[in-house]
Amino acid sequence: MLLLEKIKEKKIYIVLIILITLITGIIYSLKFTAKEYISSATILLIKTEKISEKEVNNLGNLELSNNQISIFKEILKSDATVQEIRKNTDIQENNLSKDIKLTRNSDSLKIQVKCKDENKAIEINNKLLKIFSTKISELYDNVQIYTVDTSHIIGSTYPISILVPILISLIIGICISFGYTLILVLKEKYYI
């Protein structure tokens, strides 16, 4: 009963302690948790036919089936592709294959890469475009790739882990305020 009375009596101090630790956790999360940048590039796959050595006739966009999209995703996320990117650059992202995304927009394909460094996100995306172009040329001799949008940053996000330091700071604030109140109760009960 004495504990509840002390909590009511010192509620301003308790709230201040919790707020200070919570603000500290938010500042820590925003300052020391790395942003992830998302780079994007858009490409078109155009069917062609050779008329002569120098002339090529465009037949329009390649009709993409879900199976082809799955194959393209596998090409982009394959270990060989990731190793080639790492070999030609100083990029050492741990889970690079999970940070690569391929989506279909009506007639085009969008390749997106998530990375903690803005410049590396663009560099990885450029390398992916080159590797993808080479591998598609090997698979389909009658397809040309046209880059609609070159690699550029479309946004940035914080990873989900930004909430962890905030929750930890909240728990620490509650523990400190509870400890503060308990010390006051014990001091009053045994020393007065």
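The values are calculated or read from the model by the stated rules, or taken from the named source; none is laboratory data. Bear in mind the structure is a predicted one, so any value in this text is a computation, not a measurement. Note: ideal-geometry Cβ built from the backbone for every residue, glycine included; neighbour counts use all protein chains shown. Note: areas computed on protein heavy atoms with side chains; ligands, DNA, RNA excluded. Shrake-Rupley method; radii C 1.70, N 1.55, O 1.52, S 1.80 Å.
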For this session: Write down the radius of gyration of the chain and its Dmax, each obtained from C-alpha positions, in Å.
Result: 27.9, 103
Seminar exercise, completed: Taking a straight Cα-to-Cα line shorter than 17 Å from K87, and setting aside same-chain aspartates and glutamates fewer than 8 residues away, one finds D79, E123
Exercise. Which whole-number value in Å² is the accessible area per residue of the chain, probe 1.4 Å?
Worked result: 65 Å²
For this session: Of the listed pairs K47/K98; K47/K114; K10/K31; K35/K130; K35/K101, which have alpha-carbon separations greater than 22 Å here?
Result: K47/K98; K47/K114; K10/K31; K35/K130
Exercise. Span-like helices, the chain: DSSP H, alpha-carbon axial extent 27 Å or more, mean Kyte-Doolittle 0.5 or greater, which ones?
Worked result: 11-32, 163-191
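Helix-derived [θ] at 222 nm for the chain: sum -39500 (n - 2.57) over DSSP H runs of at least 4, divide by residue count, nearest 500? Each step should come with its number before you reach the end.
Details: 6 runs with 103 residues, N = 192.
Here the helix-only value at 222 nm equals -18000 deg cm²/dmol.
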Exercise. Which lysines does K6 reach when only Cα atoms under 21 Å apart count, and residues fewer than 8 places away in its own chain are ignored?
Worked result: K187, K189
Exercise. Gaussian network model of the chain, Cα springs within a sub-10 Å range: biggest mean-square fluctuation belongs to which of E36, E123, E74?
Worked result: E74
Seminar exercise, completed: Between E84 and I154, Cβ-based FRET efficiency (R0 22 Å, step 0.05) works out to 0.35
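Can you tell me the dipole magnitude for the chain around its Cα centre, using point charges on the Cβ only (Lys, Arg +1; Asp, Glu -1), in Debye to the nearest 20? Mind dumping the intermediate values first?
Details: 25 positive and 21 negative charges, 202 e Å.
Here the chain has a charge dipole of around 980 debye.
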